[in-house]
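What follows is one structure encoded as C-alpha cells, with my remarks underneath.
The values are calculated or read from the model by the stated rules, or taken from the named source; none is laboratory data. Note that the coordinates shown come from a computational prediction; the quantities given were computed from them, not determined experimentally. Backbone-built Cβ (ideal geometry, glycine too); neighbour counts: all protein chains shown. Please note that ligands, DNA and RNA were not included when accessible areas were found on the heavy atoms of the full protein model with its side chains. Shrake-Rupley method; radii C 1.70, N 1.55, O 1.52, S 1.80 Å.
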Amino acid sequence: MKTIKVTGYDLPLVNHPKIADVPIHPHQAAMIDEWNTRDSFLLVTKTGSGKTAATALPVALNRDESGDNCAVFVYPTKALIEDQERSIIEFYEQRLKLKVNRITPDDHQHRAADIDLVRLDADILGEFAKGGHKADALERLLNVSRTRIVLINPDILYLLYSLKYGRRGANSIAALQAYQTIVFDEFHLYNGVELANILYLIHAARAFRAFRRVVLLSATPHPDVHAWMNKLLQNPREVTMSEAVQHPLAPQPRRVAHDVNLTPLFKGKDPVSVAAKKAQELLSLIHI
C-alpha cells in the first residue's frame, strides 16, 4: 500500500516593537502595522498559521482606545466558536499575559480584567434571556464599558439586521456601533444563500455605523468571492504568509505543521481493522 507524504513547514518569526517579548509571524506583524489605517483586510494563510491571533492581537493592542477596542468574531459553526473561544483565551492569557473575563449565562459578573469575552449562539442566547426576550439579553451583552470580544454565529447578526427582533432589536443595533471590527473566520465555507446573507450583513451593519473595519480570514478563498469582496469592500488589503515587514527576525522559526504520512484505504476494506493493524505495526515506535 503506497504511502503519501505531506510535508510540513516552518514560518519565520519577527520581533515587533509593540509586543517585544512575543515573537510573531510576518503576516501577524503586517496586521498590527496597518490595523489603524485600513478598513478592510483579506488574510489568506494556511491552516495553523495563526489567522485568529493575527486579528486578536491588534484588538488587544487597541484596548485603551475607547472608540476602537471592541470586535465581533463570526464563525459558521458552533464547534468553531467553542474551539476559538479556548484558543483566544489561551493566546491572551498565556502569551500576552492579559486577564480575560469570560461572560457566561452562569457567570456574568463584571470582574477586573483587560478584556471581556462573550460566546453566543441561539442556545446560549436563550440561556442569557432566561425566559425573557432574546433581543433584551443581546442588548445587555453588547453594551460595553471596556474592551469586549463577542464570538457569534452569523444567524443572530442576520436576524438582528434584518429586523427579525422587531423594535426591541433597535437598541442592540445601536449598541453594535461600539464595535468597529467584525471578523469572519473560515470565510471560504460560505456560499450560496449564506454568502448572500453575509454580504447583506456587512452592507447593513455599515449603514448603521458599525464595523468600520471588516476582516476576512480564509485558507482557500474562491476567485469569485475575491471579486465580490473587492466590489463591496473596495479592494481590501490582502495579507499573505509571504509578507515582507521591516521588523528584525527572531532567531528561530516556528514549526507550524509537521510531516505526515498518509496511507490510503482501498474501497471494501474495514477502516477500523486497517487502522488497528497499522497501529500494531507501529507499536514499537510509539513512546508514552
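From the set of residues in the range 72-122 that are among the hydroxyl-bearing types (Ser, Thr, Tyr) and within 13 Å of the chain's Cα centre (by Cα), which is least open to solvent (accessible area, probe 1.4 Å)? Checked the range 72-122; the qualifying residue least open to solvent (accessible area, probe 1.4 Å) is Tyr75.
Within the range 214-231, if we keep just the residues that are farther than 22 Å from Ser162 by Cβ and open to solvent by less than 10 Å² (accessible area, probe 1.4 Å), the residue that is nearest to the chain's Cα centre (by Cα) turns out to be Leu217. Of all residues in the range 152-188, those being assigned to a helix (DSSP H, G or I), at pLDDT below 90 and closer than 24 Å to His222 by Cα number 2. Whether any residue in the range 48-56 is under 21 Å from Arg146 (Cβ atoms), touching a residue at least 12 places away in the same chain (Cβ under 8 Å) and assigned to a loop (DSSP other than H, G, I, E, B) is what I want to check. Within the range 48-56, not a single residue is under 21 Å from Arg146 (Cβ atoms), touching a residue at least 12 places away in the same chain (Cβ under 8 Å) and assigned to a loop (DSSP other than H, G, I, E, B). For first residues located in the range 220-237 and of a type in the set (A, V, I, L, M), partners that are assigned to a helix (DSSP H, G or I) and open to solvent by less than 90 Å² (accessible area, probe 1.4 Å) and lie 6+ apart or on another chain with Cβ distances below 8 Å form the pairs Val225/Phe187; Val225/His188; Val225/Leu195; Leu232/Leu199; Leu232/Ile202; Leu233/Ile202. With respect to Leu42, is the statement that it is open to solvent by less than 70 Å² (accessible area, probe 1.4 Å), in contact with a helix residue (DSSP H, G or I) (Cβ under 7 Å, 6 or more places away or on another chain), in a strand (DSSP E or B) and touching a residue at least 24 places away in the same chain (Cβ under 8 Å) true? Considered against the rule, which asks whether it is open to solvent by less than 70 Å² (accessible area, probe 1.4 Å), in contact with a helix residue (DSSP H, G or I) (Cβ under 7 Å, 6 or more places away or on another chain), in a strand (DSSP E or B) and touching a residue at least 24 places away in the same chain (Cβ under 8 Å), Leu42 comes out as yes.
Scanning the range 72-110 for residues that are more than 24 Å from His25 (Cβ to Cβ), free of Cβ contacts under 8 Å to residues at least 60 places away in the same chain and not in a loop (DSSP other than H, G, I, E, B) returns Ala79, Glu82, Asn101, Arg102, Ile103, Thr104, Asp107. What is the residue count in the range 62-71 for residues that are closer than 23 Å to Gln28 by Cβ, open to solvent by 60 Å² or more (accessible area, probe 1.4 Å) and not basic (Lys, Arg)? Residues flagged as closer than 23 Å to Gln28 by Cβ, open to solvent by 60 Å² or more (accessible area, probe 1.4 Å) and not basic (Lys, Arg) within the range 62-71 amount to 2.
I'd like to check something: does the range 118-132 contain any residue that is touching a strand residue (DSSP E or B) at 6+ places or on another chain (Cβ under 8 Å), within 29 Å of His16 (Cα to Cα) and free of Cβ contacts under 8 Å to residues at least 60 places away in the same chain? Yes, the range 118-132 contains a residue that is touching a strand residue (DSSP E or B) at 6+ places or on another chain (Cβ under 8 Å), within 29 Å of His16 (Cα to Cα) and free of Cβ contacts under 8 Å to residues at least 60 places away in the same chain.
For the range 9-24, taking the residues that are touching a Lys or Arg at 6+ places or on another chain (Cβ under 7 Å) and assigned to a loop (DSSP other than H, G, I, E, B), the one that is surrounded by the fewest Cβ atoms within 10 Å (Cβ to Cβ) is identified as Val22. For Leu201, are the conditions met, namely being surrounded by fewer than 17 Cβ atoms within 10 Å (Cβ to Cβ), in contact (Cβ under 8 Å) with a residue 12 or more places away in the chain, out of contact with any strand residue (DSSP E or B) (no Cβ under 7 Å at 6 or more places or on another chain) and among the hydrophobic types (A, V, I, L, M, F, W, C)? Here the answer is no, as Leu201 does not meet what is asked. Take the residues of the range 178-198 that are within 24 Å of His110 (Cα to Cα) and not polar (S, T, N, Q): which is surrounded by the most Cβ atoms within 10 Å (Cβ to Cβ)? Only one residue fits best here, namely Ile182. Here the condition is being within 22 Å of Arg168 (Cα to Cα) and open to solvent by 80 Å² or more (accessible area, probe 1.4 Å); of Gly131, Gly126, it holds for Gly131 alone.
Answer yes or no: is there a residue in the range 165-177 that is closer than 19 Å to Ala79 by Cα, in contact with a strand residue (DSSP E or B) (Cβ under 9 Å, 6 or more places away or on another chain), of a type in the set (A, V, I, L, M) and surrounded by 20 or more Cβ atoms within 10 Å (Cβ to Cβ). No; the residues of the range 165-177 include none that is closer than 19 Å to Ala79 by Cα, in contact with a strand residue (DSSP E or B) (Cβ under 9 Å, 6 or more places away or on another chain), of a type in the set (A, V, I, L, M) and surrounded by 20 or more Cβ atoms within 10 Å (Cβ to Cβ).
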